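This report refers to the structure that appears directly beneath it.
What follows is calculated from the coordinates using simple rules that are stated; it is not laboratory data. Remember, predicted model here, so these are calculated numbers, not experimental data. Using ideal geometry, Cβ is built from the backbone for each residue, glycine included, and neighbour counts are taken over all protein chains shown.
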Amino acid sequence: MGKVVAICISEKRGTQKVKVEEAKFIENFGIENDAHAGKWHRQVSLISNEKIEEFKARGGNVHPGAFGENVIVEGVDFKNMPVGTIFKCNDVELEMTQIGKKCHTHCEIYHQVGDCIMPREGVFARVLKGGTIKVGDEMEIK
């Protein structure tokens, strides 16, 4: 069981994600008003809060959304779960579709610190069932 510590969206691709207190997840689409939503396999990105805290301890000065992540969860080590894992939070059900991603052009964080954890620690999911998630909600593995 994990706890949602942040939800982030960006209305345009290529812009910094901003923290919101709650978000509407739309079945087979993604998060309402997020530029990366769509009918594809990477509708929502998730990362473990513990991995962000480890990054900060090594000198990374980051805030929620800095890695382009949509949902930060404390208490869940996403990257060590198999593709196909189902996460449930309130009515929302997410199916993990991909672990990590190729970073074709290094992001601003990489240029500042020499590392970015999203390509190896972040995971992607598609929305199986829609609903609303708020900061502080519990996420479970179904």
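Details
- Per-selection metrics, the range 2-141 (Cα): Rg and Dmax in Å: 13.7, 39
- Near-label residues of the range 81-98 by backbone N, under 14 Å of a point 7 Å along Cα→Cβ of Trp40: 98
- Glu11-Ile26 pseudo-label distance in nm [points 7 Å out on the Cα-to-Cβ vector]: 1.5 nm
- When DSSP beta bridges are restricted to pairs lying wholly in the chain, around 90% turn out antiparallel.
- Farthest toward positive dipole pole in the range 2-141 [+1 Lys/Arg, -1 Asp/Glu at C-beta], among Gly100, Ile7, Ala57: Gly100
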